[in-house]
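The values are calculated or read from the model by the stated rules, or taken from the named source; none is laboratory data. It should be emphasised that the depicted structure is a prediction, and the values quoted were computed from it without experimental measurement. Neighbour counts are summed over all protein chains in view; Cβ atoms, including those assigned to glycine, are modelled from backbone coordinates with ideal geometry. These accessible areas exclude ligands, DNA and RNA; they are computed on the full protein's heavy atoms, side chains included. Shrake-Rupley method; radii C 1.70, N 1.55, O 1.52, S 1.80 Å.
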Amino acid sequence: MKALSMIAAFLGGAVVGAAAGVLFAPEKGTDTRKRIADLLREKGIRLNRAEMEDLVDQIAAEVKDAE
């Protein structure tokens, strides 16, 4: 059980780290949102603009809490 929680923590940290890298990259916000949307579309996930804004806000809040 301990190994499973360690793997979950590692994967969670990797996701938050990747999200932080994307959100704090020196690109314009519109370019970053487009990159995120394109990546999600490649995975078969479709989000409208409002859903994308909510996702970005959630990721930003997680990153801020992790600091």
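Of the accessible area of the chain, computed with a 1.4 Å probe over protein heavy atoms only, carbon and sulfur atoms account for 62 percent.
Candidates (1) 25, 58, 17, 0; (2) 19, 46, 27, 8, 0; (3) 20, 52, 26, 1; which is the computed P(r) over Cα pairs in 10 Å bins from 0, in percent? Comparing each candidate, only (2) matches the computed number.
Exposure check, 1.4 Å probe, all protein chains in place: GLU62 carries approximately 110 Å² of accessible surface. Its Cα centre serving as origin, the chain has a Cβ charge dipole (Lys and Arg +1, Asp and Glu -1) of approximately 240 debye. Please work out how much accessible surface VAL22 shows to a 1.4 Å probe, ignoring ligands, DNA and RNA, in Å² rounded to 10. Surface open to solvent at VAL22 totals about 40 Å². Partner aspartates and glutamates whose Cα lies under 17 Å from the Cα of LYS34, excluding those fewer than 8 positions away in the same chain, are identified as GLU42, GLU51, GLU53, ASP54, ASP57. The residues of the chain expose on average 81 square angstrom of accessible surface per residue, using a 1.4 Å probe on protein heavy atoms.
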